[in-house]
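Visitor: Would you mind keeping the following structure in view while I ask a few things?
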Amino acid sequence: MGKALIIGCGGVASVAIHKCCQNSDVFEEICIASRTLSKCEALKAKLENKTKTKISVAKVDADNVDELIALINEVKPDIVMNLALPYQDLKIMDACLATKTHYMDTANYEPEDTAKFEYSWQWAYKEKFEEAGIMALLGSGFDPGVTGVFSAYALKHYFDEINYIDILDCNAGDHGYPFATNFNPEINIREVSAKGSYWENGAWVETEPMEIKRVYDFPEIGPKDMYLLHHEEIESLALNMPGIKRIRFFMTFGQSYLTHLKCLENVGMTSIEPIEYEGKMIVPLQFLKAVLPDPASLGPRTKGKTNIGCIFKGKKNGEEKLYYVYNVCDHESCYKEVESQAISYTTGVPAMIGASMILTGKWNKPGVHNIEEFDPDPFMEELNKWGLPWKESFNPDLVE
Ligand code: NDP
């Protein structure tokens, strides 16, 4: 049916590539292109005899628009799947515009020198993408991603208006290290050390990092401490959900993770301000990334489950209604299937599904769009098919 150019070959990309290769009817051809060619070659060698999908590889620096354009012109993909880092989003969007190629990603643009993530930079491309007749699907991971699809599904099937959304992200996995991050450490630490915020009555309410703590009894996991964070899907859901009054995002953290993070912050290791060290400028957080375990190495060691979902409160036919929809994913089962832990898995599977929505023409709307703007039903069906089945409850415990 189509050809995808996949940029990046890290934890998330590796899962998405495995899944594209399982879905060969849609992904007839893929080209894996990243900064380190050897990683792309190793993955190709592992998969090419087990799939009908034709795989090629290329080396690309996605910070260089001309290089990207040359690669897209050579490969001629129907879609570019951006599974590199948020810093590359705009460069890859520029290259897609120049070559009139559809685009998707899993995380919104972040300038490398400021830990600030918001959609404004990417939404600014809306008209240009419309004029070029191509679409950009923003945030097709789990959160953002499936959480937006869950919201669209809740609105379509159960509510006239949604007033409250709590997004709950629980990782109860144990990798046995005192401190490690489950995806790119630099991106992860920037996210959790930033101030928290939530949307209430049409405005952002800002909190200190980890200021708001709650305990939630997660289905199939049990009670866990969780903390309110800023998260990018709040910004788009606030625009796209009619009647919304409040949206919050909570993520679970264990005490060991928090104690290590506080200590690293206190000594300056999480800073993104460059410092001079032995005549060379280094960014402390990038140095920290280099000494922490590679998230890809956590796969074989991680045991336990994740539970990510959304609790909705709103109205149907004038009556108050509750709805909770979530996915539970098991780290060890993910590793058995694709040799990755559940955090990469829960992001890589929706990345493949998002791209397949575009390749199959199920979603087709030129412009720049967040995932909750599309019909959620075909995506929800594919989640069940490709390893992320979801469950529902109509009388969940609420978060205070
Ligand atoms: P990794 O660090 O494991 O992988 C990133 C990949 O991008 C690596 O292969 C890296 O190459 C490549 N890369 C980085 N810079 C460039 C560049 N300039 N040119 C070409 N390739 C480059 O990260 P993850 O796989 O953990 O995360 C990938 C994305 O997924 C991130 O944007 C992250 O924010 C997002 N994410 C989204 C989630 C969601 O639910 N929506 C959840 C988790 C992550 P090299 O190997 O050479 O370093």
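The values are calculated or read from the model by the stated rules, or taken from the named source; none is laboratory data. Since the structure is predicted, the reported quantities are computational estimates derived from the model, not experimental observations. We place every Cβ from the backbone using ideal geometry, glycine too, and count neighbours over all the protein chains shown. These area figures cover heavy atoms from the full protein model, side chains too; ligands, DNA and RNA do not enter into them. Shrake-Rupley method; radii C 1.70, N 1.55, O 1.52, S 1.80 Å.
Visitor: Among the residues of the stretch 260-270, count how many are closer than 17 Å to Ala290 by Cβ, open to solvent by 40 Å² or more (accessible area, probe 1.4 Å) and either polar (S, T, N, Q) or outside any loop (DSSP other than H, G, I, E, B) (or both).
Guide: Counting residues in the stretch 260-270 that are closer than 17 Å to Ala290 by Cβ, open to solvent by 40 Å² or more (accessible area, probe 1.4 Å) and either polar (S, T, N, Q) or outside any loop (DSSP other than H, G, I, E, B) (or both) gives 1.
Visitor: Residues that are at pLDDT below 95 and either over 22 Å from Pro350 (Cβ atoms) or out of contact with any helix residue (DSSP H, G or I) (no Cβ under 7 Å at 6 or more places or on another chain) (or both): does the stretch 149-162 have at least one?
Guide: no
Visitor: Further, regarding this structure: Just one of (1) surrounded by fewer than 20 Cβ atoms within 10 Å (Cβ to Cβ); (2) within 13 Å of the ligand (Cβ to nearest atom); (3) not acidic (Asp, Glu) trips up Ile69, so point out which.
Guide: With respect to (1) surrounded by fewer than 20 Cβ atoms within 10 Å (Cβ to Cβ); (2) within 13 Å of the ligand (Cβ to nearest atom); (3) not acidic (Asp, Glu), Ile69 is out only on (2).
Visitor: Regarding Ala132, is this residue among the hydrophobic types (A, V, I, L, M, F, W, C), in contact (Cβ under 8 Å) with a residue 60 or more places away in the chain, within 16 Å of the ligand (Cβ to nearest atom) and open to solvent by 10 Å² or more (accessible area, probe 1.4 Å)?
Guide: no
Visitor: Test Leu229 against the stated conditions and say whether it is within 16 Å of the ligand (Cβ to nearest atom), crowded, with 20+ Cβ neighbours inside 10 Å and more than 29 Å from Thr302 (Cβ to Cβ).
Guide: For Leu229, the condition - within 16 Å of the ligand (Cβ to nearest atom), crowded, with 20+ Cβ neighbours inside 10 Å and more than 29 Å from Thr302 (Cβ to Cβ) - is not met.
Visitor: Right, here's the next one. Name the single residue, out of those in the stretch 157-170 being open to solvent by less than 10 Å² (accessible area, probe 1.4 Å) and either in a loop (DSSP other than H, G, I, E, B) or among the aliphatic types (A, V, I, L, M) (or both), that is nearest to Met104 (Cα to Cα).
Guide: Ile167
Visitor: What's the total number of residues in the stretch 165-223 that are away from the ligand (no atom under 16 Å from the Cβ) and over 30 Å from Gly243 (Cα atoms)?
Guide: The number of residues fulfilling the criteria is 10.
Visitor: Being assigned to a strand (DSSP E or B) and in contact with a strand residue (DSSP E or B) (Cβ under 8 Å, 6 or more places away or on another chain) is the filter; apply it to the stretch 121-156 and report the residue that is farthest from Asn370 (Cα to Cα).
Guide: Among them, the one singled out is Met135.
Visitor: How many residues does the stretch 376-400 hold that are open to solvent by 70 Å² or more (accessible area, probe 1.4 Å), part of a loop (DSSP other than H, G, I, E, B) and at pLDDT 95 or above?
Guide: Number of matching residues: 4.
Visitor: Evaluate the stretch 1-24: report whether one residue or more is within 13 Å of the ligand (Cβ to nearest atom), under 28 Å from Lys362 (Cα atoms) and polar (S, T, N, Q).
Guide: yes
Visitor: Hey, any hits in the stretch 354-365 for a residue that's within 12 Å of the ligand (Cβ to nearest atom) and crowded, with 24+ Cβ neighbours inside 10 Å?
Guide: Yes, the conditions are met somewhere in the stretch 354-365.
Visitor: On the basis of being within 15 Å of the ligand (Cβ to nearest atom), among the polar types (S, T, N, Q) and either open to solvent by less than 30 Å² (accessible area, probe 1.4 Å) or under 18 Å from the mean Cα position of the chain (by Cα) (or both), does Asn108 make the cut?
Guide: Spelling it out, Asn108 is indeed within 15 Å of the ligand (Cβ to nearest atom), among the polar types (S, T, N, Q) and either open to solvent by less than 30 Å² (accessible area, probe 1.4 Å) or under 18 Å from the mean Cα position of the chain (by Cα) (or both).
Visitor: Restricted to the stretch 76-105, and to residues that are touching a His at 6+ places or on another chain (Cβ under 8 Å) and not acidic (Asp, Glu), which residue is nearest to the ligand (Cβ to nearest atom)?
Guide: Ranking the candidates gives Val80 first.
Visitor: Among the numbered criteria (1) near the ligand (Cβ under 8 Å from one of its atoms); (2) surrounded by fewer than 24 Cβ atoms within 10 Å (Cβ to Cβ); (3) at pLDDT 95 or above; (4) under 20 Å from the mean Cα position of the chain (by Cα), which one does Asp61 miss?
Guide: Every condition holds for Asp61 apart from (4).
Visitor: Any residue in the stretch 162-191 that is at positive phi sitting within a Cβ distance under 6 Å of a residue that is more than 14 Å from the ligand (Cβ to nearest atom)? List the pairs, counting only those 6 or more apart or interchain.
Guide: Correct list of pairs: Gly176/Arg301.
Visitor: While we're looking at this one, here's another question. Scan the stretch 115-129 residue by residue and report those that are open to solvent by 30 Å² or more (accessible area, probe 1.4 Å) and either within 13 Å of the ligand (Cβ to nearest atom) or within 27 Å of Thr346 (Cα to Cα) (or both).
Guide: If the condition is that a residue be open to solvent by 30 Å² or more (accessible area, probe 1.4 Å) and either within 13 Å of the ligand (Cβ to nearest atom) or within 27 Å of Thr346 (Cα to Cα) (or both), then Ala115, Lys116, Glu118, Ser120, Trp121, Trp123 are the ones that fit.
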